[in-house]
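Student: Handing you a structure now.
The values are calculated or read from the model by the stated rules, or taken from the named source; none is laboratory data. Keep in mind that what you see is a predicted model, and the values were worked out from it rather than measured. FYI the Cβ positions are ideal-geometry reconstructions off the backbone, even for glycines, and counts take in every protein chain you see.
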Amino acid sequence: MENSRGPNGMDVHYIFKLMETSTNRCSVYLKQVLSTVVEIERIELCYPSVWSVFALKTTFKLHKKWKALFPILFLPDKTTTNYKATYVNRSKLNLLGIIFSINASKQIELKSYACDNVSLLLQVLLFLHFNDQGVHPDGFIESPTATYLRVKLGPSYSEGQVIDFMDLLFDQYKHTHISAKSFRRLFRCFGPCTEDIANQAFDYYGESKDCFKAWTKAVEEYLIGVLNIDKNVSKRIASLLLSVH
């Protein structure tokens, strides 16, 4: 199976495999990768480069599992594969119940997901922090974010409902002059913990009236105090997250 790789060769499949086998090794690896991050970059979940029904089924199952575990991390996307839109290939996809489209070059396009490098690293680190048992292949533990959204929005919800919920939460803190885009990014990184960070930022803003200073300080303190991330790394990541325009 072809791996979904992000910047600096960050291997999404490897990260989730580590979660299933060694939470300690996974945490160490994630912090090492985070220490090398200098910008926020997009990661696309990919499909096998060579046509294989078995590999496709396995990949779809993995993507579904990851999306359920981290519902606000992965955003809907579309991937253009190198699979030819032949009758045989189309028939096999239909039999598998896989929705697809065909582009102008007669190649098959499949539903996929995308995220960014910082959100991925922080969401997984938070999961490991709150669930030190890790993820088990035959019945993973629900993540704090998934539990939080289930309580707030019900057992089933759309991406649109998640965005509406983020915007409602943003309304409580927008007078600190944080942008909606920056707040959404923080929420996709920290999930339910965003409220703790936001409340701290609210207090700091009351003291300084400086939005960037207040929010970066709150994020930095959370990364250091809760996730035990190096101070210099935390400072850089906080600045990146609040520099979104």
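Student: Please determine whether any residue of region 110-123 is assigned to a loop (DSSP other than H, G, I, E, B), at pLDDT 90 or above and assigned by TED's automatic domain parsing to the domain that holds Val28. Break it down into steps so the answer makes sense when it comes.
Tutor: Step one: of region 110-123, the residues assigned to a loop (DSSP other than H, G, I, E, B) are none.
Within region 110-123 (the criterion being assigned to a loop (DSSP other than H, G, I, E, B), at pLDDT 90 or above and assigned by TED's automatic domain parsing to the domain that holds Val28), the answer is no, since none of the residues qualifies.
Student: Take the residues in region 57-85 that are touching a helix residue (DSSP H, G or I) at 6+ places or on another chain (Cβ under 7 Å) and part of a strand (DSSP E or B), then tell me which one is surrounded by the fewest Cβ atoms within 10 Å (Cβ to Cβ).
Tutor: Pro76
Table: residues versus (1) closer than 28 Å to Cys189 by Cα; (2) free of Cβ contacts under 8 Å to residues at least 60 places away in the same chain; (3) of a type in the set (A, V, I, L, M, F, W, C).
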| site | (1), (2), (3) |
| --- | --- |
| Met19 | yes, no, yes |
| Gln32 | yes, yes, no |
| Leu75 | yes, no, yes |
| Tyr87 | no, yes, no |
| Leu96 | no, yes, yes |
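Residue-by-condition table, conditions (1) more than 29 Å from Thr23 (Cα to Cα); (2) assigned to a helix (DSSP H, G or I); (3) outside the structural domain of Cys115 (by TED's automatic domain parsing); (4) more than 18 Å from the chain's Cα centre (by Cα):
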position: Ala146; (1), (2), (3), (4): no, yes, yes, no
position: Leu169; (1), (2), (3), (4): yes, yes, yes, yes
position: Ile178; (1), (2), (3), (4): yes, no, yes, yes
position: Phe183; (1), (2), (3), (4): no, yes, yes, no
position: Cys189; (1), (2), (3), (4): no, yes, yes, no
position: Asn199; (1), (2), (3), (4): yes, yes, yes, yes
position: Val219; (1), (2), (3), (4): no, yes, yes, no
position: Leu227; (1), (2), (3), (4): no, no, yes, no
position: Asn232; (1), (2), (3), (4): no, yes, yes, yes
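Student: OK, next. Quick check on Leu45: is it surrounded by 13 or more Cβ atoms within 10 Å (Cβ to Cβ), within 24 Å of Leu128 (Cβ to Cβ) and modelled with pLDDT of 90 or more? It would help to see each step written out before you state the result.
Tutor: Working: surrounded by 13 or more Cβ atoms within 10 Å (Cβ to Cβ): yes; within 24 Å of Leu128 (Cβ to Cβ): yes; modelled with pLDDT of 90 or more: no.
So Leu45 fails the test.
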